[in-house]
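One structure is given here, and the rest of the page talks about it.
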Amino acid sequence: MVSSSLHWTPQPDPSTTVPGVACTTRGLLTMWAGDELPDDVTRVLGHVHATIGEREEWARWPGGWPDDIESALVDAVFSARAVYRSERGRGTYASVVAWQQTRNRRVYSLGALLAEIDAAGVSGWADSFGNHQIAPRRPATAPLGRSKAAAVREAAWMLRQEAINIAGHITAGNTATAKRVLQSVPGIGYATASYFLMLLGAPGIKPDRMIHRFLQDAIGRPSTNARAEQLLQATAETLGAEAHELDHAIWSYQSTRAQHRR
């Protein structure tokens, strides 16, 4: 569910267009002009129908943390290349919910999160959170062995330098800045930065490995992050859905397949 407290002003964004295809932009989604869809979108539509089915059959987007920037950041970073939910009630989601119960504050802010981490120390905070996972090596030149807890702390500090402290500070005008800042933190990549914004209620998708695998199965070749976003945005609009709804349905389908293969 997209938070009503965030106001996304439509802004034409040429980066969401596909070269060679006539289109107009409404908000952050691409609206295709004319009756013909690009071949790749047609293939993705077919794969959606063959795998996750009709919209009413999709796994529902759980809603994110639209008024809680602390949870959005912690969730996004710790969910990278990790089990999010499990049949035994474990995974990143369970850890985030358990940690939320320990907080004693009315306003959720990155400043408060920083104070909490610094009071315990990064390792001590990871102990209390119950997760000492190592962050993915993003970018490829990043040092090995950095903890996700350390990435959370640095990301919170960096965002505050851009005057982003509470959920209401994220708007359509500064999502690009937030992504850039997050990706400058070792251990945080494009998909994690995108997911952080999604959890706060921003339109869009998280082009992680699950999404890329689904699209490769659909069109027969790899996609860039930008192309993945274009394809899912166009597909979602064709189906009358929000991009984050389709993203989650695909992610849920791919995750279930991956668990069954283990």
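The values are calculated or read from the model by the stated rules, or taken from the named source; none is laboratory data. The structure displayed is predicted, hence computed values, not measured ones. FYI the Cβ positions are ideal-geometry reconstructions off the backbone, even for glycines, and counts take in every protein chain you see.
Please verify whether THR24 is in contact with a strand residue (DSSP E or B) (Cβ under 7 Å, 6 or more places away or on another chain), more than 30 Å from ILE117 (Cα to Cα), surrounded by 15 or more Cβ atoms within 10 Å (Cβ to Cβ) and modelled with pLDDT under 95, treating the condition exactly as stated.
Working: in contact with a strand residue (DSSP E or B) (Cβ under 7 Å, 6 or more places away or on another chain): yes; more than 30 Å from ILE117 (Cα to Cα): yes; surrounded by 15 or more Cβ atoms within 10 Å (Cβ to Cβ): no; modelled with pLDDT under 95: yes.
No: the conditions fail for THR24.
How many residues, within the stretch 38-67, are among the basic types (Lys, Arg) and within 18 Å of GLU229 (Cα to Cα)? So that I can check it myself, show each step before the final result.
At the first step, the residues of the stretch 38-67 found to be among the basic types (Lys, Arg) are 43, 55, 60.
Remaining after also requiring within 18 Å of GLU229 (Cα to Cα): 43.
Selection size over the stretch 38-67: 1.
State yes or no: is ALA193 of a type outside the set (S, T, N, Q), under 17 Å from the mean Cα position of the chain (by Cα) and in a helix (DSSP H, G or I)? Don't jump to the end; show me each part of the working.
Numbers: of a type outside the set (S, T, N, Q): yes; under 17 Å from the mean Cα position of the chain (by Cα): yes; in a helix (DSSP H, G or I): yes.
For ALA193, the condition - of a type outside the set (S, T, N, Q), under 17 Å from the mean Cα position of the chain (by Cα) and in a helix (DSSP H, G or I) - is met.
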Practice task
Name the one entry in VAL77, VAL48 that is modelled with pLDDT of 95 or more, over 15 Å from the mean Cα position of the chain (by Cα), aliphatic (A, V, I, L, M) and in a helix (DSSP H, G or I).
Solution key: VAL48
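Could we say that ALA135 is in contact (Cβ under 8 Å) with a residue 40 or more places away in the chain, under 22 Å from SER95 (Cβ atoms) and among the small types (Gly, Ala, Ser) here? Before you say what the answer is, go through the steps one by one.
On the way: in contact (Cβ under 8 Å) with a residue 40 or more places away in the chain: yes; under 22 Å from SER95 (Cβ atoms): yes; among the small types (Gly, Ala, Ser): yes.
Here the answer is yes, as ALA135 does meet what is asked.
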Fill in the blank from the handout: Inside the stretch 89-117, the number of residues satisfying the requirement of being more than 21 Å from the chain's Cα centre (by Cα), surrounded by fewer than 17 Cβ atoms within 10 Å (Cβ to Cβ) and without any contact (Cβ under 8 Å) to a residue 24 or more places away in the chain is 6
Fill in the blank from the handout: Exactly one of ALA243, ALA234, ALA193, ALA249 is out of contact with any helix residue (DSSP H, G or I) (no Cβ under 6 Å at 6 or more places or on another chain), of a type in the set (A, V, I, L, M, F, W, C) and surrounded by 20 or more Cβ atoms within 10 Å (Cβ to Cβ), and that residue is ALA249
Exercise for the section: Might you check whether a residue that is closer than 18 Å to SER79 by Cα, in the same structural domain as VAL83 (by TED's automatic domain parsing) and in contact (Cβ under 8 Å) with a residue 40 or more places away in the chain occurs anywhere in the stretch 162-185? Expected result: yes
Exercise for the section: State yes or no: is MET198 crowded, with 21+ Cβ neighbours inside 10 Å and in a helix (DSSP H, G or I)? Expected result: yes
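Residues to consider are ALA126, ALA176; find the one that is part of a helix (DSSP H, G or I) and loosely packed, with under 15 Cβ neighbours inside 10 Å. Show your work before the answer.
On the way: ALA126 fails: loosely packed, with under 15 Cβ neighbours inside 10 Å.
Every option except ALA176 fails the conditions.
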Practice task
Please work out which one of (1) within 19 Å of GLU229 (Cβ to Cβ); (2) out of contact with any helix residue (DSSP H, G or I) (no Cβ under 6 Å at 6 or more places or on another chain) is the condition HIS169 fails and give its number.
Solution key: (1)
